[in-house]
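Asker: Structure in structure tokens, see below.
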Amino acid sequence: MTESHETGSLTQGQQFDRAVEIAGVLAECGVQELTLTGHNSRQTVKSRTVDLPSLLVPGVVITFAGTTISIFTDRIDWTTTSVELAAALRAASGR
């Protein structure tokens, strides 16, 4: 079976607003653990035990279960194999 990858970007709003939006989508979709890589560090966090939006700054890449989310100053790009998560991220981006 071929695995499907869906992609998109969040570009509207200020950087922190996009980070809050992503954190909310991850919570709604039940993501409990993720890995943050960037700024010469890598850490795995329990998503509901940290202030996730404050960690989602430009240069950070989030990975978990077939999903990669890259934080830039002007946008947040994502790729996922989860149809549910893709739909939620698309809704967050207004598409």
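Every read-out reported here was derived from the displayed coordinates using simple, explicitly stated rules and does not represent laboratory data. Computed from a predicted structure; not experimentally measured. Cβ coordinates were reconstructed from backbone atoms using ideal geometry, including for glycine residues, and neighbour counts include every protein chain displayed.
Asker: Could you tell me which of Ser93, Asn40, Val20 has its Cα farthest along the dipole of the chain towards the positive end, charges placed at Cβ (Lys, Arg +1; Asp, Glu -1), taken about the Cα centre?
Answerer: Asn40
Asker: Something else now. What list of ³J(HN,Hα) values in whole Hz, one per residue of the stretch 47-57 in order, does the Karplus curve 6.51 cos²θ - 1.76 cosθ + 1.60 (θ = phi - 60°) give from phi, with Gly and Pro shown as x?
Answerer: 4, 8, 10, 10, 7, 4, x, 6, 8, 8, 10
Asker: Using label points projected 7 Å from each Cα along Cα→Cβ, tell me how many nm separate Val83 and Thr37, to one decimal.
Answerer: Simple spin-label model gives 2.9 nm for this pair.
Asker: Okay, moving on. Explain nothing, just the number: relative contact order of the chain, from Cα pairs under 8 Å at least 6 residues apart, as a whole percent.
Answerer: RCO, the chain: 37 percent.
Asker: List, in order, the whole-Hz ³J(HN,Hα) value for each residue of the stretch 25-37 obtained from phi through the Karplus relation with A = 6.51, B = -1.76, C = 1.60 and θ = phi - 60°; use x for Gly and Pro.
Answerer: Running phi through 6.51 cos²θ - 1.76 cosθ + 1.60 with θ = phi - 60° gives 4, 4, 5, 4, 8, x, 5, 9, 9, 8, 10, 10, 10 Hz.
Asker: How large is the charge dipole for the chain, taken about the Cα centre, if only the Cβ atoms of Lys, Arg (+1) and Asp, Glu (-1) carry charge, to the nearest 20 debye?
Answerer: Dipole size: approximately 120 debye.
Asker: If you plug each phi of the stretch 80-86 into the Karplus form 6.51 cos²θ - 1.76 cosθ + 1.60 with θ = phi - 60°, what whole-Hz ³J(HN,Hα) values come out, in order, with x for Gly and Pro?
Answerer: 8, 9, 8, 5, 4, 5, 4
Asker: Given the Cα-Cα distance of Cys29 and Thr44 and 0.36 nm per residue of separation, how much length would full extension add, in nm?
Answerer: Stretched fully, the Cys29-Thr44 segment lengthens by 3.6 nm.
Asker: Additional query: Using the Kirkwood radius over Cα pairs, work out the Stokes-Einstein diffusion coefficient for the chain at 10 °C and 1.306 mPa s, in µm²/s as a whole number.
Answerer: Numbers: Rh = 13.2 Å.
Calculated translational D: 120 µm²/s.
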